[in-house]
Amino acid sequence: MEITWFGHSCFLFKDRSGKKLLTDPFDTSVGYSVPNETVDIVTVSHQHFDHNYVEALPGIPAVIDKTGSFCVNDISIKGIQSYHDKYKGAKRGNNIIFVINMDGLTVCHMGDIGHMPAPEDFQEIGDIDVLFIPVGGNYTIDGEEAAKVSRQINSHIVIPMHYRTSALSLPLEGTEKFIMKMGNSEKVGSSTLVLEGSLEGFNKVKILDYKSQL
């Protein structure tokens, strides 16, 4: 699988057959270059401007923005109910955690989760190879909380998202707190990470550069 980060919570997953899935596309106000990718599937964790800008994408991808189980182009996707805040959605609404089986890997994109998952949530998430988790606080869990969640899920690879960079226009924290709590962190030095073969070890943090399309 090839994983490319466009910034914020937007990632492109491409399998060995060329199928493409994009997560949480953002609009022009966020600060990053808006993705211009023709993809097969788009997942939307919640209906906020920095996560649901599907109309800018070329073509007519299948859009998954609900909880439940789905299968599109032999890619299985499970949407799990969660919340954007610590008050069961009363402040910022609902959020969907997506568990995606693609190219022999199980990945989990936690969207804008704003609370510690309950034991039954962890059970439903299950065994994960690659975890994508927000760490910037303010609108979501912060770096310390994200580290606790990551260790509970215990995936092979953890990729932080939704945090402050030089391009972002939103008031978020950086990755420092998360990295300090997790350790075992590596800067990839690229917007793209290629995963081949079986994954070894657990909770290896990979920090991607965001992709600029300017």
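Which whole-number percentage describes the relative contact order of the stretch 57-135, with Cα contacts under 8 Å and a sequence gap of 6 or more?
Details: 135 pairs, mean separation 18.3, N = 79.
With pairs under 8 Å counted, the relative contact order is 23 percent.
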Convex hull volume per residue for the stretch 2-207, taking Cα atoms only, in Å³
110
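Given 0.36 nm per residue, what is the gain on full extension from Val63 to Glu200 after removing their alpha carbon distance, in nm?
Numbers: separation 137, 0.36 × 137 = 49.32 nm, distance 3.22 nm.
In short, 46.1 nm is gained.
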Using modelled amide H (1.01 Å from N, peptide plane; none on Pro or chain starts), what sits under 5 Å from the amide H of Ser45, excluding residues fewer than 5 places away?
Asp24
Under 8 Å for C-alpha pairs, at least 6 residues apart: give me the relative contact order for the stretch 2-207, rounded to a whole percent.
16
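Let me know the charge dipole size of the stretch 2-207 about its Cα centre in debye, to the nearest 20, where only the beta-carbon of Lys, Arg (+1) and Asp, Glu (-1) is charged.
Values: 18 positive and 26 negative charges, 66 e Å.
Computed about the Cα centre, the dipole is about 320 debye.
Tally the DSSP beta bridges in the chain and give the antiparallel ones as a percent, rounded to 5. Don't skip to the answer; put the middle values down first.
Values: 30 of 49 bridges.
Antiparallel bridges: around 60 percent, rounded to the nearest 5.
For a quick check: sort Lys66, Lys19, Lys78 by the number of other beta carbons within 10 angstrom, fewest at the front. Don't jump to the answer; show the numbers that get you there.
Numbers: Lys66 10, Lys19 17, Lys78 20.
In increasing order of surrounding Cβ atoms, one gets Lys66, Lys19, Lys78.
Listed highest first by mean packing, meaning other Cβ atoms within 10 Å per residue, what order do 136-146, 188-198 come in?
Working: 136-146: 21.8, 188-198: 12.5.
Per-residue mean Cβ counts within 10 Å order the peptides as 136-146, 188-198.
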Kindly write out, for the stretch 49-62 in residue order, the coupling ³J(HN,Hα) from the Karplus curve 6.51 cos²θ - 1.76 cosθ + 1.60 (θ = phi - 60°), rounded to whole Hz, with x marking Gly and Pro.
4, 8, 9, 9, 7, 6, 5, 7, 7, x, x, 10, x, 6
Of Val54, Phe70, Tyr83, which is farthest on the positive side of the dipole of the stretch 1-104, counting Cα position, with +1 on Lys and Arg Cβ, -1 on Asp and Glu Cβ, and the Cα centre as origin?
Tyr83
Work out Dmax and Rg for the stretch 138-214 from the C-alpha atoms and quote the Rg first, both in angstrom.
13.1, 38
Take the alpha-carbon centre of the stretch 156-214, take the same for the stretch 3-75, and report the distance between them in whole Å.
18
Suppose each label sits 7 Å from its Cα in the direction of the beta carbon; what would the Gln81-Phe49 distance come out to in nanometres?
2.9
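Please report the net charge: other residues with Cβ closer than 15 Å to the Cβ of Lys86, K and R +1, D and E -1.
Working: positive: Lys88, Lys91, Arg92, Lys148; negative: Asp85, Asp112, Asp121, Asp142, Glu144, Glu145.
So the environment of Lys86 carries a net charge of -2.
Per DSSP helix of 4 or more residues, -39500 (n - 2.57); summed, then divided by the residues of the chain. What does that give at 222 nm, rounded to the nearest 500?
Working: 3 runs with 25 residues, N = 214.
The helix-only estimate for the chain comes to -3000 deg cm²/dmol at 222 nm.
Values quoted throughout were computed directly from the atomic coordinates according to the rules given, and no laboratory measurement underlies them. None of the values given here were measured: they were computed from a predicted structure. Heads up, the Cβs are rebuilt from the backbone with ideal geometry, glycines too, and the neighbour counts pull from every protein chain shown.
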